[in-house]
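A short write-up of the structure that comes next.
The values are calculated or read from the model by the stated rules, or taken from the named source; none is laboratory data. Computed from a predicted structure; not experimentally measured. Please note: Cβ atoms are built from the backbone with ideal geometry, for glycine as well, and neighbour counts cover all protein chains shown.
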Amino acid sequence: MKTSQAPDMVSPLAIPRPGTEIVLSCLLLLVLLAAWEVTVRVRRIPPLIVPAPTVVWASLVTHTRSGFLILHLGVTLSEILLGFLAGSLLGIGLGIGAALSPLLRGVLQPYLIASQAMPKLALAPIFVMWFGFGILPKILITALIVFFPLFENTVTGLNEVEADALELFRALRATPWQTLRWLRLPNAVPFVVAGLKVAMVLSIVGAVVAEYVGANRGLGALIISSQGIMDTPLMFAVFVVLVLLGVMLYQAVVLLERACLARRYRG
């Protein structure tokens with residue numbers, strides 16, 4: 001009698017080997033850039049409307065070498081990291097409290113939903129009036145955008161615990177702290193890390209949007225100023241910097257995810 005064997009489980013955190021996917025992705029990027037370049041050249045579209053990739057690259061290199069882009073990048077990066085840190089701590093902290101206390105979650109839920117329903121761009125001028133034109137309003141806007149995904153993911157991760165595991169801890173007379181430390185928190189790690197990946201991308205959006213109002217430094221302010229002086233190549237160069245920054249920060253969180261979850265897939 002033949003016995004069926006279960007298929008081998010593959011770790012979702014396994015690092016893909018460089019291969020066909022990477023090559024095809026790079027080729028697709030080259031094809032898109034070439035099509036963009038040819039279209040602009042053939043149709044003679046003015047750089048004011050749509051600059052060619054070579055024009056954008058020239059603007060990017062020029063402003064990077066002069067240190068102009070680096071200055072604005074440093075400001076925006078500070079706002080992103082500080083807002084991400086503040087929003088993450090707030091979201092995880094409130095998530096733990098809400099998961100352990102249904103009463104607290106019921107009390108906070110309407111206010112949390114209201115804070116997300118309010119457009120953050122509408123809050124930016126108010127924060128500028130309250131806290132001035134410095135970095136603080138940008139950090140607050142970024143933190144408000146960041147904390148909600150982490151709050152929801154933390155609550156979900158702490159509550160999505162197997163009933164048998166909870167019964168075992170109760171049978172062992174574990175304290176609430178021991179149950180949180182050894183059962184709920186380890187179970188919530190994948191959910192929290194997933195929330196961190198979403199929050200990292202949103203933090204970039206939050207910082208740039210906040211700079212649209214009441215800022216004279218930062219990549220968001222640079223987009224507004226380049227639009228005002230009709231420097232479209234510089235605007236596209238800032239877009240390139242934001243995309244590269246987002247990819248790098250997202251990959252940093254992915255590396256954190258692999259480090260936190262590696263033990264689950266050993267052996």
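Worth a mention:
- For region 80-101, a residue qualifies if it is small (Gly, Ala, Ser) and surrounded by 14 or more Cβ atoms within 10 Å (Cβ to Cβ), and the qualifying residues are 83, 86, 87, 88, 91, 93, 95, 97, 98, 99.
- Of all residues in region 164-197 being more than 22 Å from the chain's Cα centre (by Cα) and charged (D, E, K, R), the one that is surrounded by the most Cβ atoms within 10 Å (Cβ to Cβ): 184
- Region 155-197, subset in a helix (DSSP H, G or I), over 15 Å from residue 96 (Cα atoms) and charged (D, E, K, R), residue modelled with the highest pLDDT: 197
- Residues of region 62-74 that turn out to be in contact (Cβ under 8 Å) with a residue 24 or more places away in the chain and over 13 Å from residue 242 (Cβ atoms), as a count: 2
- Subset of region 130-184 that is among the acidic types (Asp, Glu) and touching a helix residue (DSSP H, G or I) at 6+ places or on another chain (Cβ under 8 Å) - its residue that is nearest to residue 88 (Cα to Cα): 152
- Among residues of region 198-220 being at pLDDT below 90 and in contact with a His (Cβ under 7 Å, 6 or more places away or on another chain), the one that is surrounded by the fewest Cβ atoms within 10 Å (Cβ to Cβ) is 217.
- For region 220-251, a residue qualifies if it is aliphatic (A, V, I, L, M) and without any contact (Cβ under 8 Å) to a residue 12 or more places away in the chain, and the qualifying residues are 229, 243, 244, 247, 248.
- Checking 248, 235, 230 one by one, the residue that is of a type in the set (A, V, I, L, M), modelled with pLDDT of 85 or more, surrounded by fewer than 19 Cβ atoms within 10 Å (Cβ to Cβ) and farther than 23 Å from residue 145 by Cα is 230 and no other.
- In a residue-by-residue description of region 198-213, the property of being in contact (Cβ under 8 Å) with a residue 60 or more places away in the chain and either outside any helix (DSSP H, G or I) or aromatic (Phe, Trp, Tyr) (or both) applies to at least one position.
- Cβ-Cβ under 7 Å pairs, at least 6 apart or on other chains, region 24-52 side within 23 Å of residue 229 (Cβ to Cβ), far side part of a loop (DSSP other than H, G, I, E, B): 40/50; 40/52; 48/230
- Residue 104 being in a helix (DSSP H, G or I) and surrounded by fewer than 18 Cβ atoms within 10 Å (Cβ to Cβ): yes
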